[in-house]
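Rule-based calculations on the coordinates, nothing more; no lab input. Model, not experiment: these values are computed from the prediction. Using ideal geometry, Cβ is built from the backbone for each residue, glycine included, and neighbour counts are taken over all protein chains shown.
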Amino acid sequence: MPRPPLDRSRPSRPRLLILLVLATLWGGCVSDPRWRQTESGRFQAETRGWTLVVDPERARLTELHPPGGAQNLLAAGGHIVWLGPQAEWPREWPPLHDWHAAAAERVERRDGGRTLRVVGAHSDDRYPRIVRDYVLHREGVELIVRWAGDGEPRQAVQIVQIHPEARVHVVPQPTPDLPHGIGHLPLVPARDRLRVEAAPEPRFASPGPVPGQLVLHRGDGDAKFGLPPQTLWADLPGGARLGLAPGPIVGRVVDTPDAGLTTQVYLGREELAFVEIEQLSPRLAAANPGGEVSHTASLILLPSATAEARAPAADQRALRGARRAALPIKRSASE
């Protein structure tokens, strides 16, 4: 009796088993990252091989470990958030205790653990409460700062304080008003002024690997630089690299302090052994009385400082990937 023809439209059992194994492995590789609480009470997540830790006692992201690395590449300040402009604070320093030193009032896991909401303390009625959302995606984490409009325009200041040996890649954008494409920001905002007439000194800046690029690094003394909005790429010890990108805002733009140089880098002097990469918002007000105002920066995590990551096109690809992976964030009508 002749055999029936082989039905090739259906996989054989061995092939089916192989497909199931591959699907399981692929699912594990691309599964969405999630925040989980550890025995210490802190919250931890892994994305792109990096490990992130948020400490409720400090109400912020405090640790950032690269793939296979035990070293925390964040300095002691971690992810710092203030409401500015700093020149208008009631006192020059320190920042409000609620922002600088208070524990979180509460921490909530949302979106199935994809978002960690850190609700800050609120003991000073001169300023609104700050709420931080750490939204995980496959390229890194969105840093979203929210507050309720109180009738006073505010500027969000997001600072990621990183290892003192970090080297930060920037792209100056010269204009008639900014001849070197980068400005020297005041170290004491209430006293000093923005200077644009000189390029960064060699002790703080070196030519980058791409034409038109500068690499900022610590030198003798301290310095702070401002640039038009752009992604900052930081090379870190061990070959790791991270980016800090400007993101969406919600609110009505009133004005933009620091002549619009809202991407900033601080290089600490010897006793301040850290580098700070910063993204600031314009001065924002709520679109409606009591409405929400927010500012987002995207922390993009790469395993190494590859040649591809240095290229401007790669910068844009990484940003597009981060935006696609992140939750939609509405912008105000004025934007």
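Taking a ≥ b ≥ c as the square roots of the eigenvalues of the alpha-carbon gyration tensor, the stretch 222-296 is classed prolate because a/c is 1.5 or more and a/b outweighs b/c.
Shown in residue order for the stretch 71-87 are the 3J(HN,Hα) couplings computed by the Karplus curve 6.51 cos²θ - 1.76 cosθ + 1.60 at θ = phi - 60°: 6, 7, 8, 8, 7, 4, x, x, 8, 9, 10, 10, 10, x, x, 4, 4 Hz (x for Gly and Pro). If you take all other residues with their beta carbon under 14 Å from the beta carbon of Leu280, and give Lys and Arg +1 and Asp and Glu -1, the sum is -2.
Kirkwood-type hydrodynamic radius, the stretch 34-325: 19.3 Å, calculated from all non-identical alpha-carbon pairs.
Given axes a ≥ b ≥ c from the Cα gyration tensor, I'd like to know whether the stretch 152-251 is rounded (a/c under 1.5), prolate (a/b larger than b/c) or oblate. It is rounded, given that a/c, with a ≥ b ≥ c, falls under 1.5.
Among Thr175, Thr51, the ranking by other beta carbons within 10 Å of each residue's beta carbon, starting with the fewest, stands as Thr175, Thr51.
Counting every other Cβ atom within 10 Å of each residue's Cβ, His122, His79 order from fewest to most as His122, His79. Of the peptides 129-137, 108-116, the ranking by mean beta-carbon count within 10 Å, highest at the top, reads 129-137, 108-116.
Seen through its C-alpha gyration tensor, with square-root eigenvalues sorted a ≥ b ≥ c, the stretch 130-196 comes out oblate because a/c lies at 1.5 or above while a/b is not bigger than b/c. Shown for Leu96, Leu83: other C-beta atoms within 10 Å of each C-beta, ranked fewest to most, produce the order Leu96, Leu83.
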